[in-house]
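Below: one structure, written as structure tokens.
Values quoted throughout were computed directly from the atomic coordinates according to the rules given, and no laboratory measurement underlies them. Because the structure is a prediction, the values reported are computed rather than measured. Note that we place each Cβ from the backbone using ideal geometry, even for glycine, and neighbour counts take in every protein chain shown.
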Amino acid sequence: MTLRREQLSPRGSTSAFDNQSFFEALGRAEPAAIRQLAAKIVTGVRQMSARAGLSPQDAEEILNDAVVITISNIREGKFRFMDFSPATYASGVARKLIANRVRVKKPAAQELDNLPLLSDMNPEAYVQDKERQKLVGQLLQQLEETCRQLIQLKYFNTLRDEEIIDKQLTPFTSVNSLKSKRSQCLKKLAGLALEAGITSVI
């Protein structure tokens, strides 16, 4: 899929879309939606690129590629609407493109410390943001029941691990086994967040 340069430019007027209509308009590659998507992510892309040591030209290419990939993934069914802005997904795409470009340019010398890693996700900070709680709930529904329970008991019900074991709220009989399983569950949750293009979760 290719888009004209003027379609991808963040300059110019943008139309207001709610998340659902924004998603649908991008699937149709409507110019107004494309401009709005570029305008929403351009500042973040430039900042991430600069922190990673990339040039302004790199940032422009990454911006354009992120927009094109987002639209392509909507059309191909790889990105389905989940009630959050497509700009969030596009920012995640841009982050991966930046990481890939850094590896290519500086495979040994450049560490990606300046880029947020979803493996370091902090669920407590994540769920404290009221605007994100609905999305957290949607992601949790994609996990198995045991994982949903473990995450909800600790981060939503704020129960201590010892209390969870004492009250026999889960099948686990030791704190260590509970923590080990919950760690696996958090990695799965982080993976779902990554697939959804969510990067601001730490």
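Computed values, structure above
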item: Qualifying trypsin sites (Lys or Arg not before Pro) for the range 68-97 [loop in DSSP, other Cβ within 10 Å: at most 13]; result: K78, R80
item: Radius 15 Å from Cβ of F23, net charge of other residues (Lys, Arg +1; Asp, Glu -1); result: 0
